[in-house]
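Engineer: Would you mind keeping the following structure in view while I ask a few things?
The values are calculated or read from the model by the stated rules, or taken from the named source; none is laboratory data. Bear in mind that the values here come from a model prediction, so they are computed numbers and not experimental data. Backbone-built Cβ (ideal geometry, glycine too); neighbour counts: all protein chains shown. Please note that ligands, DNA and RNA were not included when accessible areas were found on the heavy atoms of the full protein model with its side chains. Shrake-Rupley method; radii C 1.70, N 1.55, O 1.52, S 1.80 Å.
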Amino acid sequence: MIGKMTAGDVVCLTAAASVQFLRPIFARVIRELPDRHTYHGWVWIEGYQLNAAGDAVARRELYVLRAGVRLQALPVKRRRRPVRVG
C-alpha cells in the first residue's frame, strides 16, 4: 500500500486502482486533494497523464483506491543534442 503521494511521484494506475483503468496509465502526481470527501481507502489526486515517452499529455483529477496505486520509475529521458543551423 502506498502512503501519501507527493509532487513528482510517478504512479501506474491499473484496474486495481479503479475500474476506469482497464488500460493502465502512468501519471505524474501534482498533489493529493485531501479536502474532497471519499470512501475509506480512496483518494483524489491531481496530476498529468504521461505518454510512453514520459511526456505530459493531459492534466487530470483522478479518483483511485490507494491500495491499487503503484509507484513507477520511468526511464530517464535522453537529452537532445543541439542542431547546427547554417
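Engineer: Would you point out which residue out of VAL29, VAL19 is modelled with pLDDT of 90 or more, aliphatic (A, V, I, L, M) and under 13 Å from the mean Cα position of the chain (by Cα)?
Structural biologist: VAL29
Engineer: Could you grab me the full set of residues in the range 45-57 that are open to solvent by 40 Å² or more (accessible area, probe 1.4 Å) and aliphatic (A, V, I, L, M)?
Structural biologist: Hits for the range 45-57 are ALA52, ALA53, ALA56, VAL57.
Engineer: Can you pull out the residues in the range 11-36 that are assigned to a strand (DSSP E or B) and open to solvent by less than 100 Å² (accessible area, probe 1.4 Å)?
Structural biologist: VAL11, CYS12, LEU13, ILE25, PHE26, ALA27, ARG28, VAL29, ILE30, GLU32
Engineer: Also, quick follow-up: Name the residues in the range 66-86 that are modelled with pLDDT of 75 or more and either exposed (fewer than 10 other Cβ atoms within 10 Å of the Cβ) or assigned to a loop (DSSP other than H, G, I, E, B) (or both), would you?
Structural biologist: Of everything in the range 66-86, those that are modelled with pLDDT of 75 or more and either exposed (fewer than 10 other Cβ atoms within 10 Å of the Cβ) or assigned to a loop (DSSP other than H, G, I, E, B) (or both) turn out to be VAL69, GLN72, ALA73, ARG84, VAL85.
Engineer: What's the total number of residues in the range 15-72 that are polar (S, T, N, Q) and farther than 17 Å from GLY3 by Cβ?
Structural biologist: Selection size over the range 15-72: 4.
Engineer: Can you find even one residue in the range 37-44 that is open to solvent by less than 20 Å² (accessible area, probe 1.4 Å) and in a strand (DSSP E or B)?
Structural biologist: Looking through the range 37-44, at least one residue is open to solvent by less than 20 Å² (accessible area, probe 1.4 Å) and in a strand (DSSP E or B).
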